[in-house]
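So the structure is just underneath, and the comments pick up after that.
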Amino acid sequence: MKFSNVCGMLIALVAAAVLAQTDAMVTRRPLELRETPDDGARSLAPLAAQTPVTRLAGRQGAWVQIRTAQGTTGWVHMFEVGPAGAPAAAPSGNAATSALRGLTGFFDKGSAPAPSSGTTSVIGIRGLGAEDIANATPNPALVSQAETYRADAEQARRFARDAALTARDVPALPAP
């Protein structure tokens, strides 16, 4: 067998192993497997936290298509799955997922929380409507949590320097 053929086969095997590793995922928290990429879509199955799934090629916006070990194929939000072996989200949330999902809790609508239906919403996918803003009240606990992420000017300069960022003047946008 030629050396180039052996190298080609080794590269193919390594690539297949790498692809298999990137497709192995787990759910970060309990959620619903959806029929279509939409929070309101019919639920195909509930999935517990740390359920092993396989990520498929399908992606629509912030939704990814997955297959369960039982062979059920459906859609979940990309923030709800992570690499196999990743820790589950703590009840109070963790870094990135909590920051993205938790932003929706900054304002409640002045009523008791609705019972969980498994439906989730994500900041950035849908905006707040005028009624949501008009009826919003601050959630002091989440405002306090957000305050812990505050950086002063010196911390910002240090971050920019360490990240090799450069200053750039940007002209103001014209008034609407």
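Structure notes:
- Against the numbered list (1) more than 17 Å from V26 (Cβ to Cβ); (2) modelled with pLDDT of 90 or more; (3) in a strand (DSSP E or B), T54 comes up short only at (1).
- Within region 31-76, the set of residues being in contact (Cβ under 8 Å) with a residue 40 or more places away in the chain and not small (G, A, S) comprises L31, E32, L33, R34, E35, D39, P46, I66, W75, V76.
- P91 being modelled with pLDDT of 90 or more, of a type outside the set (F, W, Y) and within 25 Å of Q145 (Cβ to Cβ): no
- Qualifying residue in region 142-153 (condition: among the aliphatic types (A, V, I, L, M), farther than 27 Å from E80 by Cβ and at pLDDT 80 or above): yes
- Test: residue in region 68-77 that is modelled with pLDDT of 90 or more, surrounded by fewer than 16 Cβ atoms within 10 Å (Cβ to Cβ) and assigned to a strand (DSSP E or B): yes
The values are calculated or read from the model by the stated rules, or taken from the named source; none is laboratory data. Please read all numbers here as calculations on a predicted model, not as lab measurements. So basically every Cβ, Gly included, is an ideal-geometry build from the backbone, and we count neighbours across all protein chains shown.
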